[in-house]
Amino acid sequence: MELQLTVNNSLRVLPVVRSFVSDSLSETSLEEELHNRLVELIVQTVEDAICHAYQPNEDGDISIRIKESHGKLELTVRDYGMPQDVLALESQLHQDNGKNTRLFGISCKDIADEVHWTGFGREGKALNICKWLHNTDITESSSEAELSRFSSDIEPAPEQEYTIRRMEEGEGLQVSQLIYKAYGGTYFNADIYYPERIESLNKRGINLSYVALDDHGRVVGHYALERNVEGPVAEGGEAVVDPAHRGRKLLEKMKQIALKEARQMELAGVYADAVTVHPYTQKSNVRFGAKLACANLGIAPCNEHFLGLAEDLPQRVSCLLYYMHLGGIERRKRSYVPGMHRQIVEEIYNNLGFSVEFGNEKQPEGRGECSVTIDACAGKAFIRFSRIGEDTVHTVRHTRRELVEHSHAEVFYADLPLTDPGTPAVVRALDDFGFSIAGIAPHFSDAGDMLRLVYLTEPLKRQHIVTYEDFAGRLVEYVLAEQERVRRKI
């Protein structure tokens, strides 16, 4: 569900706003008391924007956006009025170091999981509210014995026949338990610890989970395709195999079935983030025919657990984005890239098996269009632009500041459309604010490929990034050198 209402800044619209929010939230599984409190909070936020966002007698718009996706409810109230001191608003919101979150006299405790202001400078501000509808995690529904961590010297299971198929209803609990036993509580995708979320994601077709069952019908392996970007691609991930059943090509068999279904869905491709704490997942992707497209520096927190390796990693985990093209032969790519990065972009495209020609850039015009996603558990955030505008650089800078300072994001990615002639100017401008090139995100938007930039709060060292193939080593070294260069400018 995704609904949006735009009203003018007149108090007469408040009954319409109340009705819109109430009716929209009635489509969710919220309990009545929580429903009513959220309605009141949104109405109060809109009323405040009506009274204070614009000058007296100035006409202006206020947008209310409600999105419910696989159990995650997001509400946004956005105005386009006067610049505000968002730092002060955040300070007032999160009193007592975040222990007492209040807004317009309303306590946000139990109403929402996350509440934050975002400032857009001369383009106004937004209040962002997030509430998960599925909140029973695996530790609340399983015994201690069911969550005991796998040991590295576990006894191999007897040889047997395995069943590989799509996950069925009721198996989400076993999947969560399997992930927990392998990673503890450190896996950076928090959804995997909530069985109801796993099953909801699958029912909605946002995730496609594949499982390996032993001869007793128990889940001993899991792999998923995740539709988490706008474009016609899926991420392959959430891969885990019970150590007692490893060495029997279960992961490869789950991947083969997943890729077959991805082709039937007419996806352009499947991508995967291969970790760099060891070469094994990189080797697996190369063996399946995937090609390197991007070096996602610091995409995962350093506390993620990897079986058989030291738990205290020296820095955030970088991953290499491998892409497998599933469609037919593509025509020559036309991309807009600053001259200084054309050589590496051409190398990436050649590695992917595509040819590229570079178009003549233009200065951005009008207002850009973007979306922001935050993964607080992993300390990362993304801003993705479907259109470049005159305000794009300003929007990236302000969003980065808010997310780094208030949401404590440690890494911030900006995805810019390679098909937009305004992209090169934005890349050069963001160069002065610590953003460097990371690579290409193929088909990550309906318009085509994206150029990914990265901002890190802390530098990374090359010796802690393990690469399997020569091109991976060259790309990582290029991206790290660019990070070092732009950091000197800050």
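No lab work stands behind these numbers, since they all come straight from the coordinates. Keep in mind it's a predicted model, so treat the numbers as computed, not measured. Positions of Cβ are backbone-derived with ideal geometry, glycine not excepted, and every protein chain shown enters the neighbour counts.
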| R342, R37, R263 arranged by Cβ crowding within 10 Å, fewest neighbours leading | R263, R342, R37
| query | What is the stretch 268-490 by shape, rounded, prolate or oblate, if you read a ≥ b ≥ c off the alpha carbon gyration tensor as root eigenvalues and call it rounded for a/c under 1.5, prolate for a/b larger than b/c, and oblate otherwise? | reply | oblate
| task | Run the quick spin-label model on A190 and S151: label points 7 Å from Cα toward the beta carbon, then report their separation in nm to one decimal. | result | 3.3
| note | From the Cα centre of the stretch 140-170 to that of the stretch 231-265, the distance in Å is 17
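List the pairs from K203/K255; K181/K380; K125/K461; K131/K333; K255/K380; K72/K283 whose alpha-carbon separation is above 30 Å, in the order I gave them.
Distance filter (> 30 Å) returns K125/K461; K131/K333; K72/K283.
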| field | Ranked packing of 111-120, 417-426, most packed first, by mean Cβ within 10 Å | value | 417-426, 111-120
| query | Could you give the semi-axes, largest first, of the ellipsoid that matches the chain, computed as the square roots of 5 times the alpha carbon gyration tensor eigenvalues and rounded to whole Å? | reply | 37, 30, 21
| task | Rank by packing, highest mean first: peptides 41-53, 237-249, with packing defined as the count of other Cβ atoms within 10 Å averaged across residues. | result | 41-53, 237-249
| query | What shape does the stretch 134-267 take by its C-alpha gyration tensor, where a ≥ b ≥ c are the square roots of the eigenvalues and a/c under 1.5 counts as rounded, a/b above b/c as prolate, and the rest as oblate? | reply | oblate
